[in-house]
1. Just want the ordering: Met525, Met487, Met447, from fewest to most Cβ atoms lying within 10 Å of their own Cβ.
2. Which net charge results for the neighbourhood of Asp490, defined as the other residues with beta-carbon distances under 13 angstrom from its beta-carbon, given Lys and Arg at +1 and Asp and Glu at -1?
3. Report the antiparallel proportion of the DSSP beta bridges in the chain as a percent, rounded to a multiple of 5.
4. Quick one: dipole size for region 329-424, taken about the Cα centre, charges +1 on Lys/Arg Cβ and -1 on Asp/Glu Cβ, in debye to the nearest 20.
5. Quick check of the Kirkwood formula: for region 206-247, what is the inverse mean of 1/r over all pairs of different Cα atoms, in Å?
6. Tell me the relative contact order for the chain as a rounded percent, counting alpha carbon contacts under 8 Å between residues six or more apart.
7. Where does the charge balance sit around Ile43 when Lys and Arg score +1, Asp and Glu -1, over other residues with C-beta under 15 Å from its C-beta?
8. Please go through the residue pairs Lys423/Lys516; Lys193/Lys428; Lys393/Lys521; Lys182/Lys271; Lys271/Lys521; Lys182/Lys443 and name each one whose alpha carbons sit more than 24 Å apart in this structure.
Amino acid sequence: MTNFKIIVQIFYQFLIAITAALFFELIFKGLNASTVNNTIENILFSSLLLSPLFIISYRKIQSVYITIVYLLFCLCIYFETVYYYLFEAFLSASSLFVSLESNRNEVTEFLDFYLDSKIILFSIIMLIIIVLSVYRLTVISSHFKKQSKRPILKVSAFVFIVITFLKFSTLIVYNLPYLILKSTFEYTLESNKLGNYKTNNNGNFTDVSRPINTEDELYVVILGESTSRAHFGLYDYARATTPKLSSIKEQLLVYSDVISAHPHSITSITKLLTLGNYEHPDKIGDGSIIQLANSAGLETIWLSNQRPIGVYESLVTKIALSSNKNKFLTTTQGVHNKVMDAALLPELETILDENMSSKKLIIIHLMGTHVNYANRYPEAFNIFTDKPLSNYKSDEIFKIINDYDNAVLYTDHVVSQIIQKIKHLNKKSFVLYFSDHGEELFKDYNMAGHNEDISTKDMYDIPFLLWQSDKFKQDLQLTTALDRPYMLDDLFHSLADLLEISAQEVDLERSIFSSKFKNRKRIIMKNSDYDTYFNLD
């Protein structure tokens, strides 16, 4: 048997794995253009992986190479197939970028939430295929003959042609190794932009000022997680998921048309806390609201119920570390880490009792309604157990929606508790609550979660509400156009406006609270206008 025929036999083993993945997708998701494109890409990529076998002249090296390459290839096939099964979209640089920010807790919860019998079946099938094929590859590769001539030029030309075709046909966007390299590069680039936040507490703002007064000031920003406006009772959701906030509705400014810039925490938060926005995404490293508050003389505190460090240092944490004081409650690893958001309340009380400064800005980062929803509330808040309204129906779906609504109910409890604590102090103060992004709950798509690759309206729509003390209202008259269309990538300017901080970098035309506010197109997913993409009137 010639070496060429041996390589063809090896190629058949790759085709078996590709075919198994294809059948799984066809059976459970049907045929579409993306499935065809991904299959073609997998076939071409496997041929690229086999090309070095024509050049390597030593049989042992060939055998080791093909075993390692085959295992990595099957791993790629497995992950992209499972991802497609869950979200009906293939992995992208965006989704891999998000995964770099996930800690082991989040990965464990993700698996616990999404793992089902079909994925387990596919896992078993792939494992059997891998074991049998590795054995078969060992036998086949033992027949390699030492090559006297190595067609380096022909192999190089073949590789160049295939890579060029993948690039210009755009099929390369389906290639997992390419996406891993691309997303890692982008992650490192973004991380480097935020590199000096820890050491440069005051930023590099120009002409920073705020009114001089002797009053005690206390400002709280509550950053929620994965909470959709569509499931918020305060916005007329069918269920009373926010009874406590609804009971003080007359004390709140409830904005009805605020959206997130992205349906992922990392990309959303790094913009909303910094000068970065859609028009200038590179400005995320040019300064944050925490640095601006520091330079204006406010004491800044970051309290978080999210773990600060994953495999890499969290991009959000880099911004948080420029605060004067920070504390992260969730630090242990593993699925047993289920710290409830109410654990932040004693920490808040400690901060309020401390004599750090008479002027404080506290940012509280909740776990909110982050998947797994059942882990986000104690048993006392397991209120919604009946059949919810849903466009997709099964007992499993009903359980997920109920868990989510119970988590929203618990968020309502925590946020209202914070408001009451601040109100009781009778200082010049406000409490601003919003979520970093929303969540899809079997409304427009048969899934629970958020994913920019398959964006739905509820992934962007967020609650956004403001409580103000009487003393705050006396000093600052806000423009209260509650139906203003607004996107969170401009929040830096709104927060500066609320805090009465002026600087050359602050643009009141981008503040939802300002009389100078100007509407702008809300661009999502790189180039889509939110207000037309979802066919809004």
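1. Met525, Met447, Met487
2. +3
3. 40 percent
4. Once rounded to the nearest 20, the dipole reads 240 debye.
5. 13.9 Å
6. Here the relative contact order equals 20 percent.
7. It works out to a net charge of -3.
8. Checking Cα-Cα distances, Lys423/Lys516; Lys193/Lys428; Lys393/Lys521; Lys182/Lys443 exceed 24 Å.
All of the numbers you see were taken from the coordinates with simple rules; none came from a lab. Note that the structure is a prediction, hence the values are computed from the model and not measured. Glycine gets a Cβ as well: all are built from the backbone with ideal geometry, and neighbour counts include every protein chain shown.
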